[in-house]
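> Would you mind keeping the following structure in view while I ask a few things?
No value in this document is a laboratory result; all are computed from the given coordinates. These numbers come from a predicted model, not from an experiment. All Cβ positions, even for glycine, are placed from backbone atoms using ideal geometry, and neighbour counts span all protein chains on display.
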Amino acid sequence: MSAQPLPLRWRIGLRRRAGTLGSAWRQPLAIAGMTLAAAWILVAIFVPWIAPYDPLAQTSRLFAEPSAAHIFGTDELGRDVLSRVLWGSRLSLPLAFFLVAAALAVGGLLGGIAGYFGGWVDEVVMRATDLVFAFPTIILAMAVTAALGPSLRNAVLAVVVVFWPSYARVVRGLVMSLGQSDYVNAARLLGASSRRALVVDVLPNVAGPVLVLATLDLGNAVLLLAGLSFLGLGAQPPTPEWGSMVNTGTQYFQRWWMGTFPGFAILSAVLAFNFLGDSLRDALDPRTSWAVKEQPR
Amino acid sequence: MTSAASAANQQLAAGWRPRLPSRLFLRFLGRRLAALVLLGLGITFVAFVLTELVPGDPAAANLGQRAIGDPEAVRAFREHYGLDKPLPVQYAVYLQHLAAGDLGESEQSHRPVRTDLAEYVPATAELAVTSILIAFALGIALGVLAAVRRNRLTDQVLRVLSLGGISMPTFWLALVALYVFFFQLGWVPGSGRLDPGVLPAPHVTGLYTVDALIAGQIDVLGNALQHLILPACVLAAYNVGLLTRFVRSAVLEVINNDYVMAARAKGLPERTVILRHVLRAALPPIITVGGLAFANVMTGTVLVESIFSWPGIGQYAFHSATTLDLPAIMGVSLFVAVVYIAVNFAVDVLYGVVDPRIRVA
């Protein structure tokens, strides 16, 4: 599923920071997410040595069922599905990191400017975010990619277009509220330079929520890119890409292994980032936490 | 939560009575309506800019291969859409066409996009509404369960399941569900809205289930429901995950309030406390997820309808995307965005009705 962003307030828990990041890593869910994500990243790095076959090599065995020779079977051109799934990580994971970094840079910059200057600058940036939020994400991403022409590069561009407003809003809100908060003023009154106030007092408080948002968006980016490729607007054949592999799987419906395994890859990668992001949010906002004991009232 | 807010929650829990719209409410309504109109204009602007972005000649992109060799057709097209005029004028012309319901002509069907949409919307509407109902019923039940069993095993299992729901690629879930429940088990019919031999009831709403009910054709109703259930459940998966999590935190926000303790102290059964006191107070924030749930279902239909051969706008969008039928893609996007902001508007107003505090903000 290509994810519609959850409501920001809820996604990142815009509340008083009451826990430490440290506690996140002791939760089983965080550990599971960590392990899964690390496994996928290792696969992406070492895939030339791990993958049993060349992902593009066509053997004579078309539509082979999963067997010892081809653990995930082969596809309509006789290519090894396992190798293609493993190679797919080289596309999806780096792109997800790049996408989120780009959305963070664009959104953070615009949001920071909007929050700092206020006035009409703020108005323009915020109305632009409203416009993006007025579309369900994949609808806008689909329209943008289709208008620019279907290619992986344009799909990536489209995802940045739909992702940046979240960061703009979070950073803007934080910059605005933190600039007026008592403890920042107190630091300034104690003689801290603006730079010190920004780095020591403001930044750590911005970093938490943004980190949660970015972690969850890594999963969303994988989903959205896979969705666009499923629509034929992202990666083009014969590139091994998870979304387009599932699409091929739907065309050969009875050869269940062709679509099922790439789908598992998407699910496990997205799940890893969602586990991580969710644990992080818990650590930052124990009130709705799934792990911490009942809060004293 | 502040004590003022929990006091308001107590009032909410005590029971809300409808009253005549106050001046404050009318002002709230007016403000939201103005925002709706502005946003609608903004959406058309985005769609216009995107059509302008098309690399090369928009006439070529919109007319397709068949007509681009014909200079007369190109000239007529440019004149019709005002492409020979400056951009602001083009936008005005574009708006004028939109106001007249002209979304251009699909390259695939060679029909006006509006005609296509009108044909496909009821199928999607039926699927989307069913799916959202399923999602809310399941999501609220599971969310309350998770909140009541907070930090116990049930809660932890539900946490993993709900995260699984929002991590699952819907198009993959559709494929797997179809393979298992249709191909392997044969529990549901494979594709389409009705079995090949079954005729839909006379057209009233375009929703086959409702039309069958109106006509009193129970067998058609049953057949339509059989076809509806699997795609609706697949589309609901993401929203169930989302709602479970959201309902859980909404319930936890209120479950420790003093009035809940008071209700327990006076000896009400736990079921009554949860349903009448806790859930009632937790409902307003849950309503706000409605808009989001709609967006998720629309996202899902684009990816899933073609797998189920469901003749709705999702399948239309999918085919338009795979064949790069630009006017159709833009038409669907514009339509979905307009419905989406209308849904969000309705959710806003509903929230204002249910929770009077919102109107002041």
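> Answer with one residue from B:Leu350, B:Ala35, B:Trp187: the one whose Cα lies farthest towards the positive end of the charge dipole of chain B, charges on Cβ with Lys, Arg +1 and Asp, Glu -1.
B:Leu350
> Pull up all non-local amide H partners of B:Glu105: gap of 5 or more, or a different chain, and H-to-H distance under 5 Å with H placed in the peptide plane.
HN-HN under 5 Å from B:Glu105: B:Val113.
> Please work out the Kirkwood hydrodynamic radius for the stretch A:188-232, using every pair of different C-alpha atoms, and report it in angstroms with one decimal place.
13.0
> Something else: Using the Karplus curve 6.51 cos²θ - 1.76 cosθ + 1.60 with θ = phi - 60°, what ³J(HN,Hα) values do you get for each residue of the stretch B:153-158, in whole Hz, with x for Gly and Pro?
For the stretch B:153-158, the Karplus curve yields 4, 3, 4, 5, 5, 5 Hz.
> Can I ask one more? Ignore the peptide's own chain and count Cβ atoms of other chains within 10 Å of each Cβ in B:156-167; give me the average, rounded.
Shielding by partners across B:156-167 averages 5.
> Once you keep just the Cα pairs under 8 angstrom separated by 6 or more residues, what percentage relative contact order results for the stretch A:92-202?
Once normalised by length, the contact order is 35 percent.
> With a cut-off of 15 Å, note down the residues of the stretch B:231-248 whose backbone N falls inside the zone around a label point 7 Å from the Cα of B:Leu133 toward its beta carbon.
Inside the label zone: B:231-233, B:236.
> Counting Lys +1, Arg +1, Asp -1, Glu -1, what net charge surrounds A:Thr129 among other residues with beta carbon under 10 Å of its beta carbon?
Within the 10 Å Cβ shell, the charges total +2.
> Shape of the stretch A:123-278 from its Cα gyration tensor (a ≥ b ≥ c, root eigenvalues): rounded if a/c is under 1.5, otherwise prolate when a/b > b/c, or oblate?
prolate
> Could you work out Rg/(2.2 N^0.38 Å) for the stretch A:53-153, with Rg from alpha carbons only?
With N residues counted in the stretch A:53-153, Rg over 2.2 N^0.38 Å equals 1.69.
> Report, in degrees rounded to the nearest 10, the 0 to 90 angle that the Cα long axis of helix B:71-80 makes with the longest principal axis of chain B.
That helix lies at roughly 40 degrees to the long axis.
> Tell me, what is the percent relative contact order of chain A, built from C-alpha pairs under 8 Å that lie six or more residues apart?
29
> Kirkwood Rh, the protein assembly as shown, all Cα pairs: how many Å?
26.6
> Moving on. Sort B:Phe183, A:Phe72 so the one with the fewest other Cβ atoms within 10 Å of its own Cβ comes first.
Exposure proxy ranking, most exposed first: B:Phe183, A:Phe72.
> With each pseudo-label sitting 7 Å past Cα toward Cβ, what's the A:Val124-B:Leu33 distance in nm, one decimal?
Reported label-point gap for A:Val124 and B:Leu33 is 3.2 nm.
> Right, next: Please report B:Arg159, A:Arg127, B:Arg150 as a ranked list, fewest other C-beta atoms within 10 angstrom at the top and most at the bottom.
Fewest-to-most Cβ neighbours within 10 Å comes out as A:Arg127, B:Arg150, B:Arg159.
> Would you please classify the overall shape of the stretch A:99-145 from the alpha carbon gyration tensor, given that a ≥ b ≥ c denote the square roots of the eigenvalues, rounded means a/c under 1.5, and beyond that prolate means a/b larger than b/c while oblate covers the rest?
Here the stretch A:99-145 falls in the oblate category.
> Using Cβ contacts closer than 10 Å as the measure, can you line up A:Phe273, B:Phe25 from fewest to most?
B:Phe25, A:Phe273
> Now a separate question. Any chance you could run the full-extension gain for B:Leu24 through B:Leu87? It's 0.36 nm times the residue separation minus the Cα-Cα distance, nm to one decimal.
This chain segment gains 18.6 nm when fully extended.
> Using the Kyte-Doolittle scale, find the helices of chain A whose mean hydropathy is at least 0.5 and whose Cα atoms extend 20 Å or more along the helix's long axis, counting only whole DSSP H runs.
A:28-50, A:81-117, A:119-133, A:152-179, A:203-230, A:256-284
> What does the helix-only formula give at 222 nm for chain B: each DSSP H stretch with n ≥ 4 adding -39500 (n - 2.57), the total divided by the residues, and the result rounded to the nearest 500 deg cm²/dmol?
-23500 deg cm²/dmol
> List, largest first, the extents of the alpha carbons of the stretch B:314-361 along their principal axes, each in whole Å.
On the principal axes, the stretch B:314-361 reaches 49, 15, 10 Å in Cα extent.
> Grab the beta carbon distance between A:Arg188 and B:Arg357, set R0 = 30 Å, and tell me the FRET efficiency rounded to 0.05.
Efficiency for this residue pair is about 0.30.
> While we're looking at this one, here's another question. Report the one residue of B:Pro311, A:Gly243, A:Leu93 whose Cα lies farthest in the direction of the positive end of the charge dipole of the protein assembly as shown (charges on C-beta: Lys and Arg +1, Asp and Glu -1; origin at the Cα centre).
Sorting the options by dipole projection puts first A:Leu93.
> Right, something else. Which ³J(HN,Hα) values, rounded to whole Hz and listed in residue order, are derived for the stretch B:278-287 from phi using the Karplus coefficients 6.51, -1.76 and 1.60 in 6.51 cos²θ - 1.76 cosθ + 1.60 with θ = phi - 60°, glycine and proline given as x?
Going residue by residue, I get 6, 5, 4, 6, 7, 5, x, x, 5, 4 Hz, with x marking Gly and Pro.
> Could I ask something else about it? Can you give the Rg to Rh ratio for chain B, taking only C-alpha atoms and Rh from Kirkwood?
1.04
> Under a plain spin-label model, where a point goes 7 Å from the Cα along Cα-to-Cβ, how far apart in nm are A:Gln236 and B:Ala73?
Result: 2.4 nm between the two label points.
> Kindly give Rg over Rh for the stretch B:230-361, based on alpha-carbon atoms, with the Kirkwood expression for the hydrodynamic radius.
Rounded to two decimals, Rg/Rh equals 1.14.
> With just the Cα atoms defining each centre, how far is the stretch B:102-179 from the stretch A:255-276? Give it in Å.
18
> What are the residues whose amide H is under 5 Å from the amide H of A:Arg79, where those residues sit 5 or more places off or on another chain and H is modelled from the backbone?
Under 5 Å from the amide H of A:Arg79 lie the amide H atoms of A:Thr59, each far enough along the sequence or on another chain.
> Provide the packing ranking of B:184-190, A:140-146, B:104-110, i.e. peptides ordered by the mean count of other C-beta atoms within 10 Å per residue, highest first.
Top of the packing list down: A:140-146, B:104-110, B:184-190.
> Report the calculated FRET efficiency for B:Phe183 and B:His110 (r = Cβ-Cβ distance, R0 = 45 Å), to the nearest 0.05.
0.80
> Further question: Please compute the Cα-Cα pair-distance distribution of chain A with 5 Å bins starting at 0, giving whole percents from short to long.
All Cα pairs, binned at 5 Å, distribute as 1, 5, 11, 14, 15, 14, 12, 10, 7, 5, 3, 2, 1, 0, 0, 0 percent.
> Which is farthest toward the positive dipole end of chain A among A:Ala155, A:Ser166, A:Gly259, measuring Cα position about the Cα centre, with Cβ charges +1 (Lys, Arg) and -1 (Asp, Glu)?
A:Ser166
> Now a separate question. I want to check the label-to-label distance for A:Ala38 and A:Phe97. Put each point 7 Å from Cα in the C-beta direction and report it in nm to one decimal.
The modelled label-to-label distance comes out at 1.5 nm.
> Could you give the distance between the Cα centres of the stretch B:250-325 and the stretch A:191-243, to the whole Å?
Computed from Cα coordinates, the inter-centre distance equals 25 Å.
> Sorting check: for B:258-264, A:90-96, which peptide has the highest mean count of neighbouring beta carbons within 10 Å, and how do the rest follow?
Ranking, from highest mean packing down: A:90-96, B:258-264.
> Turning to a different aspect of this structure: From the P(r) of the stretch B:171-223, could you give the percentage of C-alpha pairs in the tail past 14 Å?
Of the Cα pairs, 58 percent sit more than 14 Å apart.
> Averaged across B:306-313, how many Cβ atoms of other chains sit within 10 Å of each residue's Cβ atom?
Going residue by residue through B:306-313 and averaging, the value is 1.
> Seen from all sides and averaged, what is the projected area of the convex hull of the Cα atoms in the stretch A:25-81, in nm²?
5.1
> May I ask you to order A:101-112, A:210-221 by the average number of other C-beta atoms within 10 Å around their residues, highest value first?
Result, highest mean Cβ count within 10 Å first: A:210-221, A:101-112.
> Continuing with this model, one more query. Under the definition of partner shielding as Cβ atoms of other protein chains within 10 Å of a residue Cβ, what is the mean value for peptide B:329-341?
Per residue, the number of nearby Cβ atoms from other chains is 4 on average.
> Another question about this same structure. Any idea what the relative contact order of the stretch B:138-209 is, in percent, if you count C-alpha pairs under 8 Å spaced at least 6 apart?
Reported relative contact order: 12 percent.
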